[in-house]
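Let me begin by presenting the structure, written as structure tokens, before commenting on it.
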Amino acid sequence: MMKRLNDALYCEALKVMHSKIVWITILAFLIVPFVGGFFMLILKDPEAARSYGLIGAKAQLTMGTADWISYFEFLAQAVSIGGLFIFGFVSSWVFGREHSDRTVKDLLALPISRAHIVGAKFITIFLWCILLSAIVLTIGLWVGEMAALPGWSRELVSQGCEMFAICSILTIALSSPVAFFACIGRGYLAPLGFVVFTLVLANIIAVTGYGEFFPWAVPALYSQIGGEGNALPGSISYILVVLTSFAGLIGTFCWWRYADHS
Amino acid sequence: MNEVIHTVNLTKHYGKVKAAEQISLSVNKGEIYGFIGLNGAGKTTTIRMLLGMIRPTSGAAYLKGEKISGGNHHVWAKVGYLVEIPYAYPELTVRQNLSMISKLRGISDKQAVLRIISQLHLDSYADVKAGHLSLGNAQRLGLAKALLHQPSILILDEPANGLDPAGIVEIRTLLQDLAANSGVTIFISSHILGEMAKLASRLGIIHNGYLLQEVDASQLEVLLCKRLLLKTTDRERAVSILKEAGYRAGIDGEGVMEIHDAEAIKHPEAIARLLVHADCPPTQLKVEEEDLESYFLRVIKETGGNYDEKVK
């Protein structure tokens, strides 16, 4: 049982490691800490911030002051919102490419359960997204250090990393419905459309004040995007994220098992 | 048990479209079953049902007595397949693509990949990315994936696509060898009818989703229409002489004199003698046998109409 899952994982790893997509996602996500660090540098020097005009004003709006707390919040917000897109893209690629490259038929009549293949794909997505998050966090800490941000403490870093990790996990969990849409849409277009749709809807619903009931708005709410005065989402929000994630997982497993692959 | 592939009233409907309708067939061990039909006749739908990729609307398919379903993956251990144009992971080399299939098939023999690369003459492309292969070599890679685990059942959809004439002969020889010497059962679809006539031991003709006819290759000789074609200096007189002698002589649509009598086809020299004696010597005598393509079109024309009405 485990051996067959490992075999499927080996194949997924082979595909990922030989693809340029993994580097593209790393490069795309690496923008986050550098942009964050850039804003922090602007905030540290108000004169320079004024000379930057709109960019400085925007940085002021989202991060407030140039310190480690604001910087961690920025990273958590970036992984909550940018992650929806990047992790959704990873999910679209892992499942959608089998249809776009028309290789899915090679995976359907093999002496290995389709559940193992789907399971291996989800594990790959999870590990890939965790790796992206870890890279962003590691580079983020280095950029923060280079920017000589004030307010460093072991406790603060621990809290900041924890917030970042929870936002990452919540966002990664929400990529399973994207996989389902990649399957039913048989390619990239439907899942990417779904990602953009959920991103827009999450923003609108969060503004109306019902964000805690919309799973795709929950990671951003957890990252305190509305300001520190805002209450953290309640347990119903996390339950909804878990249910959405399971729905995506079960839908994808069932699609591979029962749908017509014509 | 001799029966390896077996379908019972295999049916697939997409809404009102009848892609396959009550197809019942069986293929015995070591047999090469040629499945022929026009584009959209239902060949690929049937093959996908045989491979558990599509769930039948009704009916069932069995491989070595085991019912095929998406969840019964053990049944594929001894099945090799190729469906339509073979695609591979473009960023992986030929060797990596095969290694991946080897892993997914649970093949422990480390030499299997090298062996199949050599067998299908892909040695010089082993480290070329699949995305850079020509259509012919991509087809070879597809066949390599199908043959990698030395299957006892092969289900191939248009395996000669993209191959050059030498490649077609090579694959035909390989498949014939597998069937004759290794007892591999082969279910193969194609629209290259001449190729199927040379390869298959039995043929199934599918049209509009219906299996119209099954023919043993050995019976085909009897079923194919034959006629004796004649040319003389005086066509009208020759027809009259032959009719007087009791032959069913006529002139076909292209203005060529033809005789359909079995006796005349068997002994064209008797016709020549008759015409020479009547001072109307033939300038050309030729026995023409209907090819599979013509036979296929004739069968579709003869029986397809009835089925078209049934569909309506």
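The values are calculated or read from the model by the stated rules, or taken from the named source; none is laboratory data. Predicted, not measured: the structure shown is a model, and the values here were computed from it. Ideal geometry is used to build each Cβ from the backbone, glycine not excepted, and the neighbour counts take in all protein chains shown. Surface areas here come from the heavy atoms of the whole protein model, side chains and all, with no ligands, DNA or RNA. Shrake-Rupley method; radii C 1.70, N 1.55, O 1.52, S 1.80 Å.
Structure above, values below:
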| quantity | calculated |
| --- | --- |
| Translational diffusion of the range A:65-160, µm² s⁻¹ [Kirkwood Rh, Cα pairs; Stokes-Einstein; 37 °C; 0.692 mPa s] | 207 |
| Heavy atoms of B:K103: accessible area, 1.4 Å probe, square angstrom to 10 | 80 |
| Average accessible surface area per residue within chain B, 1.4 Å rolling probe, Å² | 46 |
| Solvent exposure ordering (accessible area, 1.4 Å, most first) of B:I205, A:I139 | A:I139, B:I205 |
| Shielding by partners, peptide B:52-61 (average Cβ within 10 angstrom, other chains) | 2 |
| Efficiency of FRET from Cβ geometry, A:M17 and A:E145, R₀ 35 Å, rounded to 0.05 | 0.70 |
| Gained length - B:K266 relative to B:A60, 0.36 nm times residue gap less alpha-carbon distance | 69.6 nm |
| Ratio Rg/Rh, restricted to chain A and using Cα atoms, in which Rh is the Kirkwood radius | 1.02 |
| Accessible area buried at the A-B interface, both sides summed, 1.4 Å probe (Å², nearest 100) | 3000 |
| Cα-only Debye scattering, the protein assembly as shown: base-10 log of I(q)/I(0) at q = 0.07 Å⁻¹ | -0.59 |
| Per-selection Rg to Rh, chain B - Cα, Kirkwood hydrodynamic radius | 1.10 |
| Extension gain, A:F213 back to A:L27 (0.36 nm per residue minus Cα-Cα distance, nm) | 63.7 nm |
| Percent accessible area from carbon and sulfur atoms, the protein assembly as shown, protein chains only, probe 1.4 Å | 60 |
| Peptide-level mean, for B:63-72, of C-beta atoms on other protein chains within 10 Å | 2 |
| Order of exposure, largest accessible area first, which applies to A:F34, B:F35 with probe 1.4 Å | A:F34, B:F35 |
| Over 22 Å between alpha carbons, listed pairs A:K105/B:K16; B:K18/B:K43; B:K226/B:K286; A:K20/A:K121; A:K105/B:K43; B:K198/B:K231 | A:K105/B:K16; B:K198/B:K231 |
| Spherically averaged projected area of the range B:226-289 from its Cα convex hull (nm²) | 3.7 |
| For A:M17, solvent-accessible area (1.4 Å; no DNA, RNA or ligand), Å² | 140 |
| Heavy-atom accessible area ranking, 1.4 Å probe, most first, across B:R55, A:R114, A:R154 | A:R154, B:R55, A:R114 |
| A:W68 - accessible surface, heavy atoms, 1.4 Å probe, Å² rounded to 10 | 0 |
